[in-house]
């Protein structure tokens with residue numbers, strides 16, 4: 001091999017060595033984060049066999065988004081936007097206790113204490129009331145196991161790099177960013193709970209939006225500018241005032257929020273409009 005050939009071989013060897021070193025750095029550094037075990041908090045959630053509780057759980061899995069990621073049958077599916085496959089909850093019920101479901105949904109923790117918040121929006125579910133969570137777990141347990149079992153999501157190199165850089169946050173980083181929504185008293189308590197859980201994934205549990213330019217999810221004080229009929233039409237059909245289609249929200253309204261009952265949607269409007277007026281100083285429409 002000539003001098004040029006040796007130089008090329010040395011250069012290629014150096015590139016390979018540096019690449020392997022970079023991969024090792026990303027893997028080892030990210031593994032310290034994703035393999036960290038957090039303390040498992042206690043849970044008082046116990047599934048019920050009461051048909052009314054199960055029916056509530058079946059009702060809530062759509063507006064709360066469970067059926068989006070885990071499919072309406074809760075058997076899991078590949079989610080192209082996230083590059084991962086969601087778990088089959090009908091199969092997971094065989095190994096998860098009620099407390100395991102609670103910690104995964106509201107605390108972002110697997111039974112071994114590692115974080116699942118990189119792939120599960122647990123931070124936006126942290127204010128879900130016990131009654132709603134009990135109903136959802138009860139509904140999951142009412143389903144017969146079906147479909148293929150799906151292992152826990154794995155971390156590819158890009159995801160590990162994102163975790164290492166902090167652009168994909170783990171449980172301890174996400175949860176403090178979410179704050180409770182404005183409390184307007186007992187009259188609006190149930191609607192406030194539902195708003196934080198159903199709307200929190202995009203608008204934040206404070207309902208204050210993402211703070212970026214459109215089409216970033218806005219502060220839901222905007223609801224105070226809607227009259228009731230336009231709001232209800234939007235939530236039922238995805239058509240905003242003026243028959244507009246909005247990025248993401250129109251689809252979310254049709255697929256998720258439209259599943260709420262008319263009574264729930266009216267209560268949601270009452271709370272969000274009252275919140276908007278309180279925070280902006282607007283007066284109620286005559």
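Brief remarks on what is shown
- Ordered by the number of other Cβ atoms lying within 10 Å of each residue's own Cβ, fewest first, 157, 133 fall into the sequence 157, 133.
- Using a Gaussian network model of the chain in which every pair of alpha carbons under 10 angstrom is joined by a spring, one finds that among 237, 95, 221 the greatest mean-square fluctuation is at 95.
- Equivalent ellipsoid, the range 96-206 (semi-axes from 5 times Cα gyration tensor eigenvalues, Å): 26, 21, 11
- Computed over the range 1-118, relative contact order equals 26 percent, with contacts defined as Cα pairs under 8 Å that lie 6+ residues apart.
- Once C-alpha pairs closer than 8 Å and six or more residues apart are averaged by separation and normalised to the residue number of the range 179-280, the relative contact order reads 27 percent.
- √(5λ) per eigenvalue of the Cα gyration tensor, the range 179-280, largest first, Å: 19, 16, 13
- Working note: 222 nm ellipticity from helices only, DSSP H runs with n ≥ 4, each -39,500 (n - 2.57), summed and divided by the residues of the chain, gives -14000 deg cm²/dmol to the nearest 500.
- Calculated over the range 1-133: convex hull of Cα atoms, volume per residue (Å³): 151 Å³
- Remark: 66, 202 ranked as 202, 66, counting other beta-carbon atoms within 10 Å and listing the fewest first.
- Point-to-point label distance, residue 146-residue 279, nm (Cα→Cβ direction, 7 Å offset): 4.1 nm
- Spatially, the range 65-139 and the range 144-222 are offset by 13 Å when compared through their Cα centroids.
- GNM result for the chain, Cα springs below 10 Å: residue of 145, 42, 63 fluctuating most strongly: 42
- Here the residues 225, 30, ranked from fewest to most Cβ neighbours within 10 Å of their Cβ, fall in the order 225, 30.
- Cα gyration tensor, the range 154-222 - rounded (a/c under 1.5), prolate or oblate: prolate
- Kirkwood hydrodynamic radius computed over the range 89-159 comes to 13.0 Å, based on all pairs of distinct alpha carbons.
- Comparing 233, 158, 58 in a Gaussian network model of the chain, where Cα atoms under 10 Å apart are tied by springs, the biggest mean-square fluctuation is seen for 158.
Every number in this text was worked out from the coordinates using simple rules, so none of it is lab data. Here the structure is a predicted model, which is why all the values come from computation and not from measurement. Here the Cβ is made from the backbone with ideal geometry for all residues, glycine too, and neighbour counts use every protein chain on show.
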